[in-house]
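The values are calculated or read from the model by the stated rules, or taken from the named source; none is laboratory data. Please read all numbers here as calculations on a predicted model, not as lab measurements. Glycine gets a Cβ as well: all are built from the backbone with ideal geometry, and neighbour counts include every protein chain shown.
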Amino acid sequence: QVQLVESGGGLVQTGGSLRLSCAASGRSTYAMGWFRQAPGKEREFVARILMNSGNAGYADSVKGRFTISRDNAKNTVDLQLNSLKPEDTAIYFCAATTAVIGVSLVSRNRYEYWGQGTQVTVSS
């Protein structure tokens, strides 16, 4: 089992920054990711990172603005959100998988464990 706890959401103006953090406990994870869900929309992929190598991937909509990083000593994964836009407003979820093999890491179906989510609101 893996337990995930997110923190760091909040209200920010357009162009501002936030840093989200996800603390993991329990089993070691192969990869962790961030997804987001806006009202009335499906949960969508934002970013993912491989815990051993640090290799990261991003959705096109956040590339160049968001940065995912991990600290294996602390067992945390952070998401730095810069140049925020109103369309970034959503609940952000941390996710983790212990499986080395599976469907694409951009798919929410790849992840067995999820955090409770943290709200990010960007005002115009």
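A few points about this structure:
- Listed by position, the strands (runs of 3 or more DSSP E) contained in the stretch 1-102 that have at least 3 residues being surrounded by 15 or more Cβ atoms within 10 Å (Cβ to Cβ) and in contact with a Leu (Cβ under 8 Å, 6 or more places away or on another chain) are 18-26, 31-37, 44-50, 66-71, 76-81, 90-97.
- Yes/no for A56 being modelled with pLDDT of 95 or more, touching a Phe, Trp or Tyr at 6+ places or on another chain (Cβ under 8 Å) and of a type in the set (A, V, I, L, M, F, W, C): no
- Enumeration of residues in the stretch 103-124 that are over 17 Å from L4 (Cβ atoms) and either in a loop (DSSP other than H, G, I, E, B) or within 12 Å of the chain's Cα centre (by Cα) (or both): V103, S104, V106, S107, S124
- Residues in the stretch 13-39 that are of a type outside the set (G, A, S) and more than 12 Å from the chain's Cα centre (by Cα): Q13, T14, L18, R27, T29, Y30, P39.
- Qualifying positions in the stretch 92-124 - in contact (Cβ under 8 Å) with a residue 60 or more places away in the chain and of a type in the set (A, V, I, L, M, F, W, C): F93, C94, A95, A96, A99, V100, L105, V106, W114, V120, V122
- Any hit, the stretch 45-58, residues being in contact (Cβ under 8 Å) with a residue 60 or more places away in the chain and either farther than 15 Å from W114 by Cα or under 11 Å from the mean Cα position of the chain (by Cα) (or both): yes
- Some residue of the stretch 79-91 being under 17 Å from R108 (Cα atoms) and out of contact with any Cys (no Cβ under 9 Å at 6 or more places or on another chain): yes
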